[in-house]
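Written below as structure tokens is the structure these notes are about.
The values are calculated or read from the model by the stated rules, or taken from the named source; none is laboratory data. Computed from a predicted structure; not experimentally measured. Neighbour counts run over all protein chains shown; Cβ positions are idealised from the backbone, glycine included.
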Amino acid sequence: MSDLSNIVNQIRIATDFHTNKKILKERIQTDLHMTHNGGMFKITPELLAFVSTWPLETLYLEDVYENPVEVDRQVFLVTAQQHYHKVMNAWHQDHAKLQTIRKI
Amino acid sequence: MQNYKPSEKSKGILVFAFNNADTDYIKITEHFVRLARHTLNLPITLVTGQQETINFEVDQLIRVDTSNGNSRKEVGTGRRIEWRNFGRYYAYDLSPYDETLVLDTDYLVLDDQLLTYFDTAWDYLIPDRNMYLGQEATVETMGRYSLPYIWATNIFFRKTPKTQMLFELVGKVQRNYFYYKSLYNTSVSNFRNDYAFAIADYIVNGYTSNIRTHLNRTLITADQPVMSLDLVDNMLHIRGTETAYVLPVLNLHILDKRYLQSKNFADFVEKFCNEK
């Protein structure tokens, strides 16, 4: 096999970390969404901080489709924290895997 | 107005597949059905033509008469091939379910995130963002001086008056496509479901783009020829002709129909269903 063919074959099995990282992030951004009481919420650090400091036990949150949804503060907070932790943990694990892969 | 009521409603997947001289869509559908059933565990209804032979199990089979043809460019070769995109606007009437997920057969259902959308309030949801592998996620327009379009690759809908209006409008756009493609300045001359749904969505929402009808999930599309797909260490390895990608296990839209009919893809489906 010629040098050129070798190089072409090497390129074909090479994978770019930054491209893979970007696609992984898209997936995680979707996974951060969670349904609750008929609403769809993107769980962010800001939302978690807001809900955790709210002084009343019932509140109304705007979901991603611009609907106000009534939530029980404690129930929502616990569910959202668990969801956030699970997704971010998966992101961390998959990101670590990607860092080690340069060829497939 | 949203019409969501948290009651016991029937849910299922509706898929359209028609063979043509170039592509064995039924073979692709067989793999699609296996993956979708394995991942989502929902009943599947297949809409197909009168001549297609179905050798795999679906929950309902609906045979329709298809005489209108279309054409599109084939991924990999660029040659123009036959494409029978039977009116997708019939999905509303043909679906036996209260809540339906209409999916393209080239959309590989590898994760169950789509199920979460059944728990939220909407009449219909269609993705507006797409990310081609190796590129940025974008909202694309129908033409340089046209409106953004949405991707009819996956459509969620509930049987509500608003949804019915959407599908009727899609039918109207399809039947009068020469008029609408001029009106909306589309760059592609042949009929595209994506454009028809985008135009109808725009009209139904009072000539505005409405985020309430858009799926907050980016469609991930492999638009280049695919050489192989593999599942390694719970990651998806995709090898193209020029580069390779490693992705988390996610739903993937693959345009390369030749790959979807290949032995390698059949092996991947087998492996995925056994290991995941």
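Could you list, in sequence order, all residues of segment B:226-247 that are assigned to a loop (DSSP other than H, G, I, E, B), in contact (Cβ under 8 Å) with a residue 12 or more places away in the chain and surrounded by fewer than 17 Cβ atoms within 10 Å (Cβ to Cβ)?
Narrowing segment B:226-247 to residues assigned to a loop (DSSP other than H, G, I, E, B): B:233-234, B:241-243.
So of that shortlist, the ones also in contact (Cβ under 8 Å) with a residue 12 or more places away in the chain come out as B:234, B:241-243.
Selection gives B:ASN234, B:THR241, B:GLU242.
Tally time: how many residues in segment B:182-224 are within 12 Å of chain A (Cβ to nearest Cβ), part of a helix (DSSP H, G or I) and touching a strand residue (DSSP E or B) at 6+ places or on another chain (Cβ under 7 Å)?
Of segment B:182-224, the ones within 12 Å of chain A (Cβ to nearest Cβ) are B:210-222, B:224.
Those still in the list that are part of a helix (DSSP H, G or I) too: B:211-213.
Adding the requirement that they be touching a strand residue (DSSP E or B) at 6+ places or on another chain (Cβ under 7 Å) leaves B:213.
The total comes to 1.
Name the residue that is nearest to B:THR116 (Cα to Cα), counting only residues in segment A:38-81 that are part of a loop (DSSP other than H, G, I, E, B) and at the interface with chain B (Cβ under 9 Å from one of its Cβ atoms). Reasoning before the result, please.
Of segment A:38-81, the ones part of a loop (DSSP other than H, G, I, E, B) are A:38, A:43-44, A:54-57, A:63-67.
Imposing the further condition that a residue be at the interface with chain B (Cβ under 9 Å from one of its Cβ atoms) reduces the set to A:38, A:63-67.
Values: A:GLY38: 10, A:ASP63: 14, A:VAL64: 14, A:TYR65: 14, A:GLU66: 17, A:ASN67: 17 Å.
Here the answer is A:GLY38.
Considering each residue of segment B:241-271, count those that are within 24 Å of A:GLN10 (Cβ to Cβ), within 22 Å of the chain's Cα centre (by Cα) and of a type in the set (Gly, Ala, Ser), and give that number.
So the answer is 1.
Test A:ASN6 against the criterion of being loosely packed, with under 14 Cβ neighbours inside 10 Å and either under 25 Å from B:ALA137 (Cβ atoms) or without any contact (Cβ under 8 Å) to a residue 24 or more places away in the chain (or both), and give yes or no. Walk me through it before giving the result.
Values: loosely packed, with under 14 Cβ neighbours inside 10 Å: yes; either under 25 Å from B:ALA137 (Cβ atoms) or without any contact (Cβ under 8 Å) to a residue 24 or more places away in the chain (or both): yes.
Yes.
Which of the residues belonging to segment A:12-37 are part of a helix (DSSP H, G or I), over 14 Å from the mean Cα position of the chain (by Cα) and more than 7 Å from chain B (Cβ to nearest Cβ)? Quick ask: steps written out before the conclusion?
Let us first name the residues in segment A:12-37 that are part of a helix (DSSP H, G or I), namely A:12-13, A:17-31.
With over 14 Å from the mean Cα position of the chain (by Cα) added as a condition, the list becomes A:12-13, A:17-20.
Residues satisfying the conditions are A:PHE17, A:HIS18.
Scanning for something farther than 28 Å from B:THR221 by Cα, modelled with pLDDT under 90 and aliphatic (A, V, I, L, M), does segment A:43-58 turn up at least one residue? Quick ask: steps written out before the conclusion?
Keep residues of segment A:43-58 that are farther than 28 Å from B:THR221 by Cα, which gives A:45-58.
Okay, now just the ones that are also modelled with pLDDT under 90, so none.
No; the residues of segment A:43-58 include none that is farther than 28 Å from B:THR221 by Cα, modelled with pLDDT under 90 and aliphatic (A, V, I, L, M).
Consider B:SER95 against the criteria (1) over 16 Å from the mean Cα position of the chain (by Cα); (2) away from every other protein chain (no Cβ under 14 Å); (3) under 27 Å from B:THR23 (Cβ atoms): it satisfies all of them except one. Which criterion is unmet?
Evaluating B:SER95 over (1) over 16 Å from the mean Cα position of the chain (by Cα); (2) away from every other protein chain (no Cβ under 14 Å); (3) under 27 Å from B:THR23 (Cβ atoms) leaves (1) as the failure.
Could you list, in sequence order, all residues of segment B:118-147 that are of a type in the set (Ser, Thr, Tyr), more than 9 Å from every other protein chain (Cβ to nearest Cβ) and within 16 Å of B:THR213 (Cα to Cα)?
B:TYR124
So which residues in segment A:77-97 are in contact (Cβ under 8 Å) with a residue 24 or more places away in the chain and either small (Gly, Ala, Ser) or in contact with a strand residue (DSSP E or B) (Cβ under 6 Å, 6 or more places away or on another chain) (or both), if there are any at all?
Those that are in contact (Cβ under 8 Å) with a residue 24 or more places away in the chain and either small (Gly, Ala, Ser) or in contact with a strand residue (DSSP E or B) (Cβ under 6 Å, 6 or more places away or on another chain) (or both): A:ALA80, A:HIS83, A:ALA90, A:ASP94.
What are the pairs with Cβ atoms under 6 angstrom where one residue, in segment B:248-259, is away from chain A (no Cβ under 13 Å) and the other, located anywhere, is modelled with pLDDT of 95 or more and assigned to a loop (DSSP other than H, G, I, E, B)? Sequence gap at least six, or different chains.
Pairs found: B:ILE254/B:ASP106.
Residues in segment B:164-175: is at least one part of a loop (DSSP other than H, G, I, E, B) and either modelled with pLDDT of 95 or more or over 15 Å from the mean Cα position of the chain (by Cα) (or both)? Quick ask: steps written out before the conclusion?
At the first step, the residues of segment B:164-175 found to be part of a loop (DSSP other than H, G, I, E, B) are none.
No, that holds for no residue.
Is segment A:91-100 home to any residue that is within 19 Å of the chain's Cα centre (by Cα), modelled with pLDDT under 90 and either part of a helix (DSSP H, G or I) or more than 7 Å from chain B (Cβ to nearest Cβ) (or both)? Steps first, answer last, please.
Within segment A:91-100, the subset within 19 Å of the chain's Cα centre (by Cα) is A:91-99.
The next check asks that each one be modelled with pLDDT under 90; those that pass are A:99.
Still in the running and either part of a helix (DSSP H, G or I) or more than 7 Å from chain B (Cβ to nearest Cβ) (or both): A:99.
Yes, that holds for at least one residue.
What residue, among those in segment B:98-117 that are touching a strand residue (DSSP E or B) at 6+ places or on another chain (Cβ under 6 Å) and within 11 Å of another protein chain (Cβ to nearest Cβ), is surrounded by the most Cβ atoms within 10 Å (Cβ to Cβ)?
Our first condition is that a residue be touching a strand residue (DSSP E or B) at 6+ places or on another chain (Cβ under 6 Å); within segment B:98-117, this holds for B:99-103, B:105-108, B:116-117.
Now narrow it down to the ones that are within 11 Å of another protein chain (Cβ to nearest Cβ): B:116-117.
Values: B:THR116: 15, B:TYR117: 19.
Checked segment B:98-117; the qualifying residue surrounded by the most Cβ atoms within 10 Å (Cβ to Cβ) is B:TYR117.
Please count how many residues of segment B:136-163 are outside any helix (DSSP H, G or I), touching a residue at least 60 places away in the same chain (Cβ under 8 Å) and of a type outside the set (Gly, Ala, Ser). Quick ask: steps written out before the conclusion?
Of the residues in segment B:136-163, the ones outside any helix (DSSP H, G or I) are B:136-160.
Of the ones still in play, those that are also touching a residue at least 60 places away in the same chain (Cβ under 8 Å) are B:137, B:147-148, B:150-155, B:157-160.
Keeping just the survivors that are of a type outside the set (Gly, Ala, Ser) gives B:147-148, B:150-151, B:153-155, B:157-160.
Counting residues in segment B:136-163 that are outside any helix (DSSP H, G or I), touching a residue at least 60 places away in the same chain (Cβ under 8 Å) and of a type outside the set (Gly, Ala, Ser) gives 11.
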